[in-house]
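Let me begin by presenting the structure, written as structure tokens, before commenting on it.
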Amino acid sequence: MTFHPRHLVNQRSQGICEICANPHPVTHHHHRQPTDIHPTPAGMLLLCAPCHTATHTNPTKSHTNGWLINDHTNPASVPVLRHNRTVLLTDDGTITDLPGPLNQTPDEDDYPIRQVTI
Ligand SMILES: [Zn+2]
């Protein structure tokens, strides 16, 4: 059975922002490679509006955390800081935890948004 990539991203995220875990309306299918018109599930993150804005206003941090990646790079090969874990996203819509030193507690400012005021 084949799913549209966005469907797989929706399943993977369970409707929760993949950066800050904010369950508030999450509407942005963020393209990790902004020029990638038809990204695979590994090339997308479901984000809340503040995180989506922050990924683009802090591109250096976003590249460090895998939220933005360079063209001609396989998104499935670039670790992503997702919630409190460093993971690899796969093209079948699953997540692989990376073991070892990459999974340290992130600094406070690793997350662009800690709380959102409604
Ligand atoms: Zn968020």
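Read-outs: derived from the displayed coordinates by stated rules, not from any lab. The structure displayed is predicted, hence computed values, not measured ones. Using ideal geometry, Cβ is built from the backbone for each residue, glycine included, and neighbour counts are taken over all protein chains shown.
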* To do: Please report THR96, THR90 as a ranked list, fewest other C-beta atoms within 10 angstrom at the top and most at the bottom.
  => THR96, THR90
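Which net charge results when you count Lys and Arg as +1 and Asp and Glu as -1 among the other residues whose beta-carbon is under 13 Å from that of ASN74?
Local charge sum for ASN74: -2.
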* Work through the residues other than ILE95 whose Cβ is under 11 Å from its Cβ and net out their charges, Lys, Arg +1 and Asp, Glu -1. => 0
* When a footprinting reagent is the concern and you count Cβ atoms within 10 Å, what order do ILE37, ILE16 take, fewest first? -> ILE37, ILE16
* **Sorted by Cβ neighbour density within 10 Å, fewest at the top, the residues VAL87, VAL9** => VAL87, VAL9
* Asked: Around GLN33, which amide H atoms from residues at least 5 apart in sequence, or from another chain, sit under 5 Å from its own amide H, with H modelled in the peptide plane?
  -> ILE69
